[in-house]
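A short write-up of the structure that comes next.
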Amino acid sequence: MKILVCLKQVPHKDARLEIGSDGTWIKEDGIKFEINDYDNYALEEALRLKDAGEAEVVVATIGPDRVTQSLRTALGMGADRAIHVWDDSLANADSLGIAKVLAAVAKEENFDVVFCGLMSDDSNYAMVGPMLAQLLDIPHVTAVVKTDFENGAVKVEKELEGGTLEVSQVPLPCLLAVQTGINEVRYASLKGIMQAKKKPLDKKALSDIGLDGAAVAPKLSIEKIYTPPKGEGANLLSGSADEIATQMVGKIKELGLL
Amino acid sequence: MIAWTEEQEAFKDVVRRFVDAEIVPNLEQLEHGDLPPYDTMRKLYDTFGMKEMMKARYERIIAKDSEGAGSERKATTGGGDMMAMQCILISEICRYCPGIVTALGVSTGLTAGAIIARGTRAQKEKWVLPLLTLEKIGAWAITEPGSGSDAFGSMRSTAKRDGDGGYILNGTKTFITNGPYADTIVFICKLDDGSTEPQDRKILSFVLDKDTPGLTRSKPLRKMGLHSSPTGELSLQDVHASADQLIGESEDAYGRSGAKETFGTERSGVVAMCLGIVDRCLELCVSYAKERVQFGKPIGEFQLIQLKLAKMEVARMNIQNLLFRLIELTNAGTGMSFAEASACKLYAAQATMEVTIEAVQLFGGNGYMAEYQVEQLCRDAKVIQIYAGTDELQITAIAKGLLRG
Ligand SMILES: Cc1cc2nc3c(=O)[nH]c(=O)nc-3n(C[C@H](O)[C@H](O)[C@H](O)COP(=O)(O)OP(=O)(O)OC[C@H]3O[C@@H](n4cnc5c(N)ncnc54)[C@H](O)[C@@H]3O)c2cc1C
């Protein structure tokens, strides 16, 4: 089985974020980055298939030079090889642009399964997975919380609103966009990381995968990002946990909600 | 080497993840309770596949022995990569818990190290592998109530020949890391043959198992800091040791130089500890300086606070560069002279003490409170100026190097 895992590198969860001078994105210099959390679970799901039998796991990412560190981490965890695509024209890419690049990468080989995270921690669109599946003309399931591979198909559980689960049987090849918590993500071992240096990491330009800047030009652009102004009317309760609980019940009763 | 490589950065990230998940939530218990660090150490080894690596290292040690080439002490090139990873592991853990690193270092570095360096093949086969994999915990005992810096000169512990090829051991050791819990103990003493004067007596070291009759161990001693590393007293009363427990199985195998080599490796590991402590203090201080408002502005806007931050950054850069040099020298197979290792240890220990005490100051009253962590790092940092050779002894070693010849 051949598996593609799409990874995105996002600002570290502990990074202090500041809005950049043009007001359309955060300042990226000087902050740490890490693998998007959802993608860690996607990678782990793929590595479990590898552990269970014959599977090759390829990780792919799009981003500037800094993203290779995340690829090394993925290789250290057990992925077999990595693909890194970058072109300056991708700096403002929208979800469709990213999906087109990943589709071009995926079309170069015949993958049985494409794993990705449900969404990215930084932009929250949750669109790349479904768009990529569409471009590849394969079925997809989002918010995947369980997979069971058997005889060229996969039984997938998907999380619905309010904790309800939906079960479906999907033929391969397919794309699965994974929810967090689906598994326990492994740590890269020291030996794995030391061996990661020797594993193949292919750097590709758009032209290497038959695309150009025009083909991936964004249809969506960000006007501005901002922190919402502090609202009025918030009521801060203070005291011990017990006191706060008592005050809260009082407030709820006062508002006639109980 | 001028920066960590991509792989090294990747390792730093995963170790940090481990520390966040496994050490930070237990920090209170490790630092203020009675939770010994050994399960955390074993989990660390399991998580990062260190056991397998240690098994492979052990096999290399034994293979080298079979070639008759002596031991691991022989200068080999390469190895810088592994050393860098080790330094990363040490410094990342020390950002929260220098005690765990001390307990780990004494067990796998000093105790196993002493047997690897001078032991016979049979001794290595018996004791080294379980120590390297943390199946067994080790202690290395040289210090006594009456002998510390002058370790050999004032040493009172003795070994007397029992006339049957074995020895009778007596003495008290104190401040022994892992002492209260160790399974395997390296005991260093002087051979009393009934005629030689104490200052000329041979230095011998023995490997003892914890259940040896006549060996008693104290509970962990109460101390200023480093609470996550249990420290205790060992006392030996007419303990019988057979000849195959004498390291090297020869009265001339260990000697003063054996212990000195151990000091050397200890000194370099300490630099990595310092990097972690300083790095964490700086991180905490920068963030506090931005958040804490007095006189209507963040305290980071006061020049006196800026001076503290700037000095911390200078210390961090210097310590990191010392570490890079250590890694480079290891890679080149040359290693460091005793005087240079002493200089590194002296600088790193003093800089770290200064950084941590200034971190407490920068946090004001909060700095004195346990919740803000800098007080713990400050208490922990102090020991680095004392163990593995006091600052004063490092100064003496550096000066000796300069004035020699
Ligand atoms: C937490 C902890 C863990 C330890 N773990 C171990 C262990 O696992 N195994 C072990 O064997 N030991 C261990 N030690 C002991 C440690 O190595 C000694 O405490 C250290 O070497 C200093 O010896 P001392 O305490 O006897 O001080 P002393 O040697 O009595 O020194 C007292 C003071 O006099 C100064 N001084 C001494 N001689 C000179 C000189 N010639 N010139 C100038 N100044 C001098 C010293 O620098 C110091 O300031 C540990 C100690 C601590 C605190």
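For each pair in A:191/B:43; B:223/B:345; A:27/A:158; A:8/A:203; A:32/A:204, compute the distance between the two Cα atoms and list the pairs where it is over 26 Å.
Values: A:191/B:43 16 Å; B:223/B:345 22 Å; A:27/A:158 35 Å; A:8/A:203 15 Å; A:32/A:204 24 Å.
Too far apart for the 26 Å limit: A:27/A:158.
Listed by chain and number, the lysines placed with their C-alpha closer than 21 angstrom to that of residue B:160 are B:173, B:190, B:202, B:210; residues fewer than eight positions away on the same chain are left out. Distance between the 7 Å Cα→Cβ label points at residue B:135 and residue A:25: 5.3 nm.
Give the Kirkwood hydrodynamic radius (Å, one decimal) of region A:2-216, defined as one over the mean of 1/r across all pairs of different Cα atoms.
Numbers: mean 1/r = 0.0569 Å⁻¹.
Hydrodynamic radius (Kirkwood, Cα only) of region A:2-216 equals 17.6 Å.
Please label the shape of region A:101-151 as rounded, prolate or oblate, based on the square roots a ≥ b ≥ c of the eigenvalues of the alpha-carbon gyration tensor (a/c under 1.5 means rounded; beyond that, a/b larger than b/c means prolate, else oblate). Judged from the Cα gyration tensor, region A:101-151 comes out oblate (a/c at least 1.5, b/c at or above a/b). The loop-placed trypsin sites (Lys or Arg not before Pro) in region B:263-337, going by DSSP, that have at most 16 neighbouring Cβ atoms within 10 Å of their Cβ come out as B:292. Calculated on C-alpha atoms, the gyration radius of chain B divided by its Kirkwood radius gives an Rg/Rh of 0.98. The orientation-averaged projected area of the convex hull spanned by the Cα atoms of region B:4-131 comes to 8.3 nm². Label-to-label distance, residue A:18 versus residue B:283, with points set 7 angstrom from Cα along the beta-carbon direction: 2.0 nm.
Would you kindly work out the equivalent ellipsoid of region B:140-255 from its C-alpha gyration tensor and give its semi-axes, the square roots of five times the eigenvalues, largest first in whole Å?
24, 16, 11
Need one word for region B:214-254: rounded, prolate or oblate. Basis is the Cα gyration tensor (sqrt eigenvalues a ≥ b ≥ c); a/c below 1.5 gives rounded, then a/b vs b/c decides. Verdict is oblate for region B:214-254.
Ordered by packing density, taken as the mean number of other Cβ atoms within 10 Å over each peptide's residues, highest first, how do A:148-160, B:43-55, A:56-68 rank? Intermediate results must be reported in sequence, preceding the final value.
Details: A:148-160: 14.6, B:43-55: 17.9, A:56-68: 19.9.
Averaged packing, sorted descending, gives the order A:56-68, B:43-55, A:148-160.
Distance from the C-alpha centroid of region A:223-258 to that of region B:312-387: 45 Å, rounded to the whole angstrom. Please state, to two decimals, what the Cα-based radius of gyration of region B:204-298 comes to when divided by 2.2 N^0.38 Å (N = residues). Here the answer is 1.82, to two decimals.
Counting only residues at least eight positions apart within a chain, or on another chain, the aspartates and glutamates with an alpha carbon under 16 Å from that of residue B:124 are B:59, B:65, B:67, B:72, B:135, B:183, B:209, B:244, B:249.
Against the main long axis of the alpha-carbon atoms of chain B, helix B:6-18 sits at an angle near 90°. Across all C-alpha atoms in region A:122-258, the radius of gyration and Dmax reach 24.2, 66 Å. Counting only protein heavy atoms and using a 1.4 Å probe, the accessible area of residue B:254 comes to about 10 Å². What trypsin sites (Lys or Arg not before Pro) in region A:176-211 are in a loop by DSSP, with at most 10 other Cβ atoms within 10 Å of the Cβ? In loop regions of region A:176-211 (DSSP not H, G, I, E or B), the sparsely surrounded trypsin sites (Lys or Arg not before Pro) are A:198.
Counting only protein heavy atoms and using a 1.4 Å probe, the accessible area of residue B:35 comes to about 60 Å².
The mean count of C-beta atoms from other chains within 10 Å of the C-beta of residues in A:182-193, rounded to a whole number, is 6.
How much mean residue ellipticity at 222 nm does the protein assembly as shown get from its helices, if each DSSP H run of length 4 or more adds -39500 (n - 2.57) and you divide by all residues, to the nearest 500 deg cm²/dmol? Walk me through the numbers before you get to the answer.
Working: 20 runs with 267 residues, N = 663.
The helix-only estimate for the protein assembly as shown comes to -13000 deg cm²/dmol at 222 nm.
Look at the stretch B:12-18: the mean tally of other chain Cβ atoms within 10 Å of its residues' Cβ atoms is 5. Note on chain B: GNM, Cα springs under 10 Å; of B:102, B:212, B:352, the largest mean-square fluctuation is that of B:212. Partners of residue A:253 within straight-line reach, counting aspartates and glutamates whose Cα lies under 16 Å from its Cα and excluding those fewer than 8 residues away in the same chain: A:243.
By the gyration tensor of its Cα atoms, with a ≥ b ≥ c the square roots of the eigenvalues, what is the shape of the protein assembly as shown: rounded for a/c under 1.5, prolate for a/b over b/c, or oblate?
On the way: a/c = 2.11, a/b = 1.65, b/c = 1.28.
Prolate, since a/c reaches 1.5 and a/b exceeds b/c.
Label positions at residue B:60 and residue B:5, each projected 7 Å from the Cα along the C-beta direction, are separated by 1.4 nm.
Each listed q (0.17, 0.19, 0.21, 0.22 Å⁻¹) maps to a log10 I(q)/I(0) for region B:94-204, found by the Debye formula over equal Cα scatterers with no solvent: -0.90, -1.06, -1.19, -1.24.
Rounded to a whole number, what is D in µm²/s for region B:257-404 from Stokes-Einstein with the Kirkwood radius over alpha-carbon pairs (10 °C, 1.306 mPa s)?
Details: Rh = 16.2 Å.
My calculation gives 98 µm²/s for D.
The values are calculated or read from the model by the stated rules, or taken from the named source; none is laboratory data. Since the model is a prediction, treat every value here as computed from it, not as a measurement. Positions of Cβ are generated from backbone atoms using ideal geometry, with glycine treated the same way; all protein chains shown enter the neighbour counts. Accessible surface is based on the protein model in full, side chains and every heavy atom, while ligands, DNA and RNA are left aside. Shrake-Rupley method; radii C 1.70, N 1.55, O 1.52, S 1.80 Å.
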